[in-house]
Amino acid sequence: MFAHYLSFAVLAALCSTAYADPQATRDDIEISRILNVPRGTVRIAKDPRNNALYTLRQDGSIGLIDLAAAIHTPTYSRDDHGIRSGFTGFAIGPDGSFYLASNRRGPRDSGHFALTRGILLDADTGERRWEQLDPDNLPVDVPIDDILAATSLGRDPTTDIRYALKTNGDITLVPSGTVYTATDHGFSRPSALFIDADGTFYVLKRIDLSSYNIATITKGEIDPSNGERTWFTLAETAPYERCDCIFNHEVNGLVVSPDNRSLFINSGSRTDHGEIQDGNRQFSDLRETALTAIVLRVPTDARDLVLPNDRDALRAQGFLFAEGLRNAYDLAFAPNGDLFATENGPDRDMAEELNWLREGHHYGFPWRMGLEDTPQQFPDYDPANDFLLPARFTAVREGYYHNDPTYPPPPRDFTEPVINLGPDADAYRDPADGQIKDASEEDMRFGTFTAHRSPLGLVFDADNALAEPFQGDGFVLSWTEGDPDGDDVAGPFNDPSQDLLHLDLAKVGDNYEARVTRIVGGFSNPIDAEIIGNRLYVIEWGGGRGLWEITLPQAATETAVAEAEGIVPAEFALAQNFPNPFNASTTITFQLALASQVELVIYSINGQRVRTLISGSLPAGHHRLQWDGRNDRDEPVASGAYLYQLSADDFVATRQLTLLK
């Protein structure tokens, strides 16, 4: 799943040891254990309406955390939402709707099939035109009932010649003599042959869906009249091919857009680095599929969407948001509305990425991870000379790194990951000599984290509730232990990991750079995080499975002191409103470095003026205004996203807020 070289069953065995409490690297960070979470807890999510915290377990049960009483109360079970198992993703939208991601294998006796037709072009030579047919949209002249009842033997009624279909795909004359092969009709391991009255050949392949994944996105929507939650299927993928290996990352990470209109869904890769994984010869030469290594976007008001295993169809229907992501297990929006995702890297010692996700961009997988090309794509690749192959990892042990002349060429230009400026989580192994080095000390561009860290639990201070140096910044956990002082165990090398990192992001050109600092260490396989005000909540998979509260310096306290002491700010600034989203009123805070003519206006998302909160002169200092969700005519406005803009002399700043009812 998120740990790219371990299954959940193995995780349970490895994470039974008791660990010491996590420790902060700064004196102004406090850490306290709230309670233990149940075994199998994989996600934590916040209801933005009231900051209530919920957890999701792998068995589908959802629990509510009472922070004041330190109680974890079961709230929903699989009997409520109807999904039995395979849960990997959990998100709560601005309106309180729950979104669950689950995965399952299809049944063996599924009734699914693939069909190809061979139309005779030349009776003398036997030349045929072979074409794949869509099982869901068959031409009216296709005798489907006869085809489904057919066996591996067929008779051409126009010639009375009998044919046999072999398991390798050959169509042979009876008793012998190959006429057509799998190369002609396109099916390996076909199931049946039928020949109609016109001599047209039909080759059928029955699909055993137990080798396929089907992902379901379930929505739990609240009825505002009674507070009851109604569960239904928002979207489901068509069956897509699993790997007969441990690298099926499946559908997992979810996040709802701040305007509550879109749900973003990660569907991870089925390979380690784009190698052929044919499912024990079921899927000839298959590497990735149309539904793997991508981020999807679907409308939150949809029902029963079908996400096809066809990249062009996904793009045409507007579902394909971004490509080339090995496993974007966690997604989160920054305060400015930019979408970010963490990504697990391969078994080779290549960087684990943080990416700024943008529509239509390709982030390189499997051809490029971090800032480095996957060497298997090059014809002269010899794994014996590759310093970045740790023998303790599965893909290396199983020989998945090898000379690969059929590796496809890169399809297009790629978008780089966020650059890690250090000082932490930037160790790398030099491909030239195999030595472990520090990217920031070497003044080397690095994108983004030390190999095998498995970054999880990405959150942002979206409300600007934190004091500097954390205000408005991101935070991410690292799951894998590794070796903090060397390179003796699987995981990150010369890098403590199992920690909380502070991400100080800055936009540079058309991308971001981040100063990455380790602020808490010593967790036991931390798996997910949420943020409420100036407090981060971290759940662990290992050790005692604790829920930890990490208290960071709070902005409001410092602002209040500055106002009380009459301190004049050094610069103009507009803060994010709080709370956000809101359903009654919200507070907008701003500061003026000089006495100014000020205008603070609420706009619709289309730019229409909704409410002028102030238009006049204000002194230098800190100021707060409230908006009650009404327009200039004192009428309540509709739920949704709005913009607020501060103009103070030459200073102009705009932010977005969300009103819920």
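Among 166, 205, what's the order by accessible area (1.4 angstrom probe), most exposed first?
Largest to smallest exposure gives the sequence 166, 205.
Expected output is a single nm value to one decimal: the length gained when fully extending between residue 245 and residue 506, i.e. 0.36 nm times separation in residues minus the C-alpha distance. What is it? Numbers along the way, then the final one.
On the way: separation 261, 0.36 × 261 = 93.96 nm, distance 3.87 nm.
Going from the current span to full extension adds 90.1 nm.
Which residues' amide hydrogens lie under 5 Å from the amide hydrogen of residue 326, considering only partners 5 or more residues apart or on another chain, with H built in the peptide plane?
365
Round to the nearest 10 and give me the degree value, 0 to 90, for the angle of helix 555-564's Cα axis relative to the longest principal axis of the chain.
That works out to roughly 20 degrees.
What full-extension length gain, to one decimal in nm, is calculated for residue 613 and residue 197 as 0.36 nm per residue of separation minus the Cα-Cα distance?
141.9 nm
Taking the Cα centre of the chain as origin, work out the dipole magnitude from +1 charges on Lys and Arg Cβ and -1 charges on Asp and Glu Cβ, in debye rounded to 20.
Here the size comes out at about 1840 debye.
Taking loop as defined by DSSP and a crowding limit of 14 other beta carbons within 10 Å, which chymotrypsin sites (Phe, Trp or Tyr not before Pro) in segment 397-438 fit?
For chymotrypsin sites (Phe, Trp or Tyr not before Pro) across segment 397-438 that sit outside H, G, I, E and B with at most 14 neighbouring Cβ atoms in 10 Å, the list is empty.
List the lysines whose alpha-carbon lies under 26 Å from that of residue 661, not counting same-chain residues fewer than 8 positions away?
Within the straight-line limit of under 26 Å, residue 661 reaches these lysines: 46, 219.
I'd like the accessible area for residue 402, computed on protein heavy atoms only with a 1.4 Å probe and all protein chains in place. Round to 10 Å², please.
70 Å²
With each pseudo-label sitting 7 Å past Cα toward Cβ, what's the residue 620-residue 304 distance in nm, one decimal?
Result: 6.5 nm between the two label points.
Ordered by residue, what ³J(HN,Hα) values in Hz, to whole numbers, does segment 163-173 give under the Karplus form 6.51 cos²θ - 1.76 cosθ + 1.60, where θ = phi - 60° and Gly and Pro are x?
So the J values, rounded to whole Hz, are 10, 10, 9, 8, 5, 7, x, 5, 9, 10, 6.
Place the peptides 453-462, 649-658, 539-548 in order of packing, highest mean first, counting for every residue the other Cβ atoms within 10 Å and averaging per peptide.
Ranking the peptides 453-462, 649-658, 539-548 by packing returns 453-462, 539-548, 649-658.
Give me the accessible area of residue 642, 1.4 Å probe, in Å² rounded to the nearest 10.
20 Å²
List the residues, sorted by chain then number, that are 5 or more residues from residue 610 or on another chain and whose placed amide H is less than 5 Å from its amide H.
602, 603, 604
Which of the three applies to the chain, rounded, prolate or oblate, going by the alpha-carbon gyration tensor with a ≥ b ≥ c and a/c under 1.5 meaning rounded? Kindly include the intermediate steps, with their values, before the conclusion.
Values: a/c = 2.17, a/b = 1.67, b/c = 1.30.
Because a/c hits 1.5 or more and a/b exceeds b/c, the chain counts as prolate.
Starting from 0.36 nm per residue, how many nanometres of slack lie between residue 75 and residue 402 once their C-alpha separation is accounted for?
Working: separation 327, 0.36 × 327 = 117.72 nm, distance 4.94 nm.
My answer for the length gained is 112.8 nm.
What residues qualify as long-range amide H neighbours of residue 368, i.e. H under 5 Å apart, gap of 5 or more or another chain, H built at 1.01 Å from N?
374
Tally the DSSP beta bridges in the chain and give the antiparallel ones as a percent, rounded to 5.
On the way: 163 of 172 bridges.
Approximately 95 percent, going by the DSSP bridge assignments.
Starting from the 7 Å offset along Cα-to-Cβ, what nm value, one decimal, do you get for the label separation of residue 20 and residue 32?
Reported label-point gap for residue 20 and residue 32 is 2.3 nm.
Suppose R0 equals 60 Å. What FRET efficiency, 1/(1 + (r/R0)^6) with r the Cβ-Cβ distance, do residue 386 and residue 634 give to the nearest 0.05?
0.30
Could you give me the ³J(HN,Hα) list for segment 224-238, computed from phi with Karplus coefficients 6.51, -1.76, 1.60 and θ = phi - 60°, whole Hz, x at Gly and Pro?
These are the phi-based 3J(HN,Hα) values: x, 6, 10, x, 6, 9, 9, 9, 7, 7, 7, 7, 9, 7, 5 Hz.
Tabulate in residue order the Karplus-calculated ³J(HN,Hα) for segment 185-192, using 6.51 cos²θ - 1.76 cosθ + 1.60 with θ = phi - 60°, rounded to whole Hz; enter x for Gly and Pro.
8, x, 10, 8, 6, x, 10, 8
Setting aside same-chain residues fewer than 8 positions from residue 166, which lysines have a Cα under 22 Å from its Cα?
In chain and number order, the partners are 205.
Using only DSSP helix segments of four residues or longer, with each worth -39500 (n - 2.57), what per-residue ellipticity at 222 nm results for the chain after dividing by its residue count and rounding to 500?
Theoretical 222 nm ellipticity from helices: -1500 deg cm²/dmol.
Can you compute the label reach from residue 159? Point 7 Å from Cα along the Cβ direction, backbone N cut-off under 20 Å, restricted to segment 89-125.
Output list for this probe position: 116-125.
The values are calculated or read from the model by the stated rules, or taken from the named source; none is laboratory data. All values derive from a computational prediction rather than experimental measurement. So basically every Cβ, Gly included, is an ideal-geometry build from the backbone, and we count neighbours across all protein chains shown. The accessibility values were calculated without ligands, DNA or RNA, using every heavy atom of the protein model including side chains. Shrake-Rupley method; radii C 1.70, N 1.55, O 1.52, S 1.80 Å.
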